[in-house]
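Each reported figure results from applying straightforward, stated rules to the coordinates on display, with no laboratory input. Since we're looking at a predicted model, the values are computed, not measured. In this analysis, Cβ positions are derived from the backbone assuming ideal geometry, glycine residues included, and neighbour counts consider all displayed protein chains.
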């Protein structure tokens, strides 16, 4: 996987999953779980999207 170095020298994966407009909790949960299972470690989210619960649950239950 390719990584990009940020200005603070932290590296993040170049490819991430954006969760904007994932309004359906089941869809959001399943999408994030599948992405994590496939190796994604960059989940681009924001509080304003109002889907923190299913996203957080998916990350927590993934064991990552």
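Some points to look at:
- Projected-area mean, region 13-62, by convex hull of Cα positions, square nanometres: 3.1
- With neighbour counts taken as other beta-carbon atoms within 10 Å, the residues 2, 25 rank, fewest first, as 2, 25.
- Put in line by how crowded their Cβ is, counting other Cβ atoms within 10 Å and starting with the fewest, 31, 62 read 62, 31.
- If the chain linking residue 25 and residue 3 were pulled fully straight, counting 0.36 nm for each residue of separation and taking away their Cα-Cα distance, it would gain 5.0 nm.
- The order of 22, 1, going from fewest to most other C-beta atoms within 10 Å of their C-beta, is 1, 22.
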